[in-house]
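**Q** The structure that follows is given in the form of structure tokens.
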Amino acid sequence: MNTTDLKGKWNQVKGKLKQEYADLTENDLLYEEGKEEELYGRIQERIGKSKDEIKKWIADL
């Protein structure tokens with residue numbers, strides 16, 4: 001998934017992540033253009049999955 005795809009459906013992705021992983025906060029899921037790697041790092045830290053696993057999960061939505 002590229003940056004444009006992620007940005008375009010971020011609200012949907014964010015909602016599904018919150019449903020799946022209740023311990024994620026709004027700050028964890030704060031999307032800022034150009035800081036996607038930081039976003040993946042925050043999610044990775046909270047849920048304990050690799051960046052590749054997170055990217056694949058998001059792409060499969």
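The values are calculated or read from the model by the stated rules, or taken from the named source; none is laboratory data. Predicted model only: the values in this text are computed from it and were never measured.
**Q** Criterion first (at pLDDT below 90, of a type in the set (K, R) and under 10 Å from the mean Cα position of the chain (by Cα)) does K16 satisfy it? Steps first, answer last, please.
**A** On the way: at pLDDT below 90: no; of a type in the set (K, R): yes; under 10 Å from the mean Cα position of the chain (by Cα): yes.
So K16 does not fit the description; no.
**Q** Is it true that Y21 is hydroxyl-bearing (S, T, Y) and within 10 Å of the chain's Cα centre (by Cα)?
**A** Here the answer is no, as Y21 does not meet what is asked.
**Q** Scan the range 39-61 for residues that are of a type in the set (D, E) and under 15 Å from K14 (Cα atoms) and jot them down. If you could, list the steps in order and put the result at the bottom.
**A** Keep residues of the range 39-61 that are of a type in the set (D, E), which gives 45, 52-53, 60.
Matches in the range 39-61: D60 only.
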